[in-house]
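Asks: Quick one: the structure is below, and I'll ask about it shortly.
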Amino acid sequence: MLIKSSRDGANPPLSSEITPREVYEERRKFIARMAVGAAAGSALWEMANREAFAQAPAAQKLAAKANPTFSTTEPRTAFKDATNYNNYYEFGLDKGDPAENAHTLRPRPWTVSIEGEVKKPMRLDIDSLVKLAPLEERVYRLRCVEGWSMVIPWVGYSLSNLIKHVEPTGNAKYVEFTTLADPKQMPGLRSGVLDWPYVEGLRLDEAMHPLALLTVGMYGQVLPNQNGAPVRVVVPWKYGFKSAKSIVRIRFTRDQPKTAWNVSAPSEYGFYSNVNPKVDHPRWSQASERRIGEDGFFKKKRETLMFNGYPEVASLYAGMDLKKFF
């Protein structure tokens with residue numbers, strides 16, 4: 001692995017800056033390809049930069065009722081930080097790449113196919129999804145597996161509303177989420193860092209927990225492209241990569257889904273990936289975290305909380321060895 005450090009060498013590396021060699025090498029190839037494209041027309045490149053924060057529809061507001069029961073009172077991460085520091089490899093491998101490149105994503109028109117072990121398979125457009133249940137604003141902690149965190153006000157409703165709507169059969173044990181994989185819209189698909197499309201999954205009882213959020217907005221407006229527009233899930237007690245973005249298919253299955261990072265590196269990224277300060281990543285500790293917006297050499301890291309501070313989900317894992325089923 002490659003470790004970044006400051007120019008003067010004074011700052012120790014942050015866990016979120018520890019980059020696997022294969023990701024670093026793919027990043028270099030990706031940047032080289034983008035540079036070739038830029039050389040073809042600097043005017044087009046400048047226009048792309050101006051459109052970096054383009055959303056469709058742009059900055060559309062969402063009416064949502066605050067839900068204090070499911071919200072933390074911790075200070076919210078600044079919108080600028082939450083939309084400029086992202087992992088969304090379909091748009092690039094650096095934290096700023098999604099904000100710079102996601103203007104190419106077209107979040108409308110958009111449909112989500114719901115299929116598999118359900119009595120009512122269906123295809124819903126984004127407007128139908130938004131109207132399926134009353135929208136709520138929930139302020140959740142977000143903990144990345146890399147060792148950093150945020151506090152974000154999401155807009156959506158419990159995923160269980162959609163699940164009940166399609167009526168899973170008795171054979172349904174898991175829910176699989178598939179992200180859009182369109183090379184014309186997602187330049188990062190040129191990299192081979194993962195097998196595309198991006199797939200994530202939950203046990204059905206996890207997906208039915210009221211904290212699991214089908215999400216269509218943040219900070220009172222529609223999701224920015226770089227944050228998973230137009231629809232994603234947010235599962236606050238799990239590491240961030242479990243919350244699939246830009247979903248085009250939800251499939252109910254008998255068997256455990258083969259999820260992207262678990263397939264790529266099974267010894268590092270388990271299927272469950274619950275936030276657990278007692279189970280370290282093979283290459284760094286998970287005992288503490290760096291809150292984005294609270295940076296600084298003398299700023300003490302926060303202690304990471306079990307299940308990211310959502311103890312009400314503990315009953316989902318009663319009797320399980322959480323070191324084995326990490």
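Asks: I want the local charge near PRO153. Using Cβ-Cβ distances under 15 Å, sum +1 for each Lys or Arg and -1 for each Asp or Glu among the other residues.
Replies: Result for the local shell: +3.
Asks: Next question, about the same structure. So what is the diffusion coefficient of region 54-130 in µm² per second by Stokes-Einstein at 10 °C and 1.306 mPa s, using a Kirkwood Rh over Cα pairs?
Replies: The Stokes-Einstein estimate is 100 µm²/s.
Asks: How far apart, in nanometres, would the label points at LYS120 and VAL279 be if each is projected 7 angstrom from Cα along the Cα-to-Cβ direction?
Replies: My value for the distance between the label points is 3.5 nm.
Asks: Find how much the distance from LYS258 to GLU303 grows on full extension, using 0.36 nm per residue of separation minus their present alpha carbon separation; answer in nm with one decimal.
Replies: Between LYS258 and GLU303, full extension yields an extra 13.1 nm.
Asks: Compute the signed sum of charges (Lys and Arg +1, Asp and Glu -1) over the other residues within less than 13 Å, Cβ to Cβ, of GLY220.
Replies: Combined, the nearby Lys, Arg, Asp and Glu give +2.
Asks: Residue-wise, which Karplus ³J(HN,Hα) couplings in Hz belong to region 225-237, taking 6.51 cos²θ - 1.76 cosθ + 1.60, θ = phi - 60°, and x for glycine or proline?
Replies: Each residue's phi maps through the Karplus curve to give 3, 5, 9, x, 4, x, 8, 8, 10, 10, 10, x, 8 Hz.
Asks: What's the ranking of 74-83, 173-182 by average number of surrounding C-beta atoms within 10 Å, highest first?
Replies: 173-182, 74-83
Asks: To continue, here is another question. Name the lysines eligible as straight-distance cross-link partners of LYS131: C-alpha to C-alpha under 27 Å, and not fewer than 8 places from it in the same chain.
Replies: Straight-line reach from LYS131, under 27 Å: LYS61, LYS65, LYS119, LYS120, LYS164, LYS173, LYS238, LYS242, LYS245.
Asks: If you stretched the chain out fully between LYS323 and SER288, how much longer would it get, using 0.36 nm times the residue separation minus the C-alpha to C-alpha distance?
Replies: Contour length minus Cα-Cα distance gives 10.8 nm.
Asks: Let me ask something else. Can you give the net charge of the other residues whose Cβ lies under 12 Å from the Cβ of GLY170, counting K and R as +1 and D and E as -1?
Replies: Computed value for this residue: +1.
Asks: At a 10 angstrom cut-off on C-beta neighbours, averaged per residue, how do the peptides 286-294, 316-324 rank from highest to lowest?
Replies: 286-294, 316-324
Asks: Moving to a separate point now. Considering only VAL155, THR69, SER113, whose Cα is most displaced toward the positive end of the charge dipole of region 52-203, charges sitting on Cβ of Lys, Arg (+1) and Asp, Glu (-1)?
Replies: THR69
Asks: Next question, about the same structure. Any idea what the relative contact order of region 52-171 is, in percent, if you count C-alpha pairs under 8 Å spaced at least 6 apart?
Replies: Relative contact order of region 52-171: 30 percent.
Asks: Once a ≥ b ≥ c are taken as the square roots of the eigenvalues of the Cα gyration tensor of region 169-326, is the result rounded (a/c under 1.5), prolate (a/b larger than b/c) or oblate (a/b not larger than b/c)?
Replies: Since a/c stays below 1.5, the shape of region 169-326 is classed as rounded.
The numbers here are math on the coordinates, done by the rules we state, and not lab data. Computed from a prediction, not measured in an experiment: that's the story for all the values here. Please note: Cβ atoms are built from the backbone with ideal geometry, for glycine as well, and neighbour counts cover all protein chains shown.
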